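Report on one structure; see the data block that follows.
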Amino acid sequence: MKLYAISDLHVGYEANRRYWQGLGHHPQDWLILAGDLGETEAHLRFALGVALARFARVLWVPGNHELWTLPGEVGGLRGLDRYARWVEVCRELGVLTPEDPFVVWPGEGPRCVLAPLFLLYDYSFRPDSVPQDQALAWAREAGIECVDEVLLHPDPFPTRSAWCQARCQEASDRLAAIDPALQTVLINHFPLRRELARLPAIPRFSIWCGTTLTEDWHRTYRAAVVVSGHLHIRSTQWIDGVRFEEVSLGYPRQRSPSAEVDSYLRQILPPPSTGGG
């Protein structure tokens, strides 16, 4: 029994839809889907349906793309209402979300609580010399602006930063209540540390990549592994003895045309050095 993770399926692209349908069968294993599956309910149901047909259990956290309200979308939900709808769809299908009780991993490896999170960003992943109220202008100086500024609405919060702060407070309260004898697997779409949000081609995009409020969560909440996506730069990094896994699939141009989709699954538990994979 293994726990795998992948993110950023972006099944709105037909090539990625076909690719995801090639997922192999893992009837004993669990799968983390760490956000940006797509932009619509149809995308979400498709991506989850493929995963549920092949894995024993599926966990989901939202990315920014799931929260977009697309132009011309009839009855398009915004902000918290949109997120609540996706949670409702997941519960209908039996998928675990950040709104459900945390579960303890029943397989091999360290005894870990699996903690799906939804934390957003607050423009704090920026140089210390850039004031927060100038972060957006700093990115725009380089010709960079995330589509979230137009499509990701924070309703009923006044700003995305305020929504982020509320989510972080709620999550930290829940994480603090976990039995201190247990480790955790922290799962979020956005990376939890600023040093991980390094994008060589578009470095100033970092302000849309997380919050410094979570910089020490891997230590505070006894993480065995921290899982994230969003960057479309797959990596395994070790910080303070904790394994950080960026598990993006990405857009069609960002993956090998000859690799099978299962090769993009990242084994989270048991640790690959002891559990194979």
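The table that follows gives values for the structure above.
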{"read-out": "Shape call, the stretch 205-247: gyration tensor on alpha carbons, a/c limit 1.5", "value": "oblate"}
{"read-out": "Rounded, prolate or oblate (a/c below 1.5 giving rounded, otherwise prolate when a/b exceeds b/c) for the stretch 184-235 by Cα gyration tensor", "value": "prolate"}
{"read-out": "Surface share of carbon and sulfur [accessible, 1.4 angstrom probe, percent] for the stretch 185-228", "value": "52 percent"}
{"read-out": "222 nm mean residue ellipticity, helices alone, for the chain (DSSP H n ≥ 4; -39,500 (n - 2.57); rounded to 500)", "value": "-7500 deg cm²/dmol"}
{"read-out": "Pairwise centroid distance, computed over Cα atoms, of the stretch 67-92 with the stretch 134-179, Å", "value": "17 Å"}
{"read-out": "Rounded Å value of the spacing that divides the Cα centres of the stretch 107-129 and the stretch 10-47", "value": "22 Å"}
{"read-out": "With every protein chain in place, the stretch 1-65: carbon and sulfur % of accessible area (1.4 Å)", "value": "48 percent"}
{"read-out": "For peptides 262-268, 184-190, 113-119, sequence by mean Cβ density within 10 Å, most packed first", "value": "184-190, 113-119, 262-268"}
{"read-out": "Ordering of 19-29, 224-234, 159-169 by burial proxy (mean other Cβ atoms within 10 Å per residue, highest first)", "value": "224-234, 159-169, 19-29"}
{"read-out": "Estimated dipole of the stretch 150-277 in Debye, rounded to 20 [Cβ of Lys and Arg +1, of Asp and Glu -1, Cα centre]", "value": "360 debye"}
{"read-out": "Accessible area in square angstrom per residue, the chain, 1.4 angstrom probe", "value": "42 Å²"}
{"read-out": "Segment Ser256-Leu199, extension gain: residue separation times 0.36 nm, minus the distance between their alpha carbons", "value": "18.6 nm"}
{"read-out": "Virtual spin-label span in nm between Asp216 and His25, 7 Å along Cα→Cβ", "value": "4.9 nm"}
{"read-out": "Debye log10 I(q)/I(0) at q = 0.22 Å⁻¹ for the stretch 160-277, Cα point scatterers", "value": "-1.35"}
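The values are calculated or read from the model by the stated rules, or taken from the named source; none is laboratory data. Remember, it's a predicted structure, so these values are computed and weren't measured experimentally. Positions of Cβ are backbone-derived with ideal geometry, glycine not excepted, and every protein chain shown enters the neighbour counts. Just the protein is used for accessible areas: all its heavy atoms, side chains included, with ligands, DNA and RNA removed. Shrake-Rupley method; radii C 1.70, N 1.55, O 1.52, S 1.80 Å.
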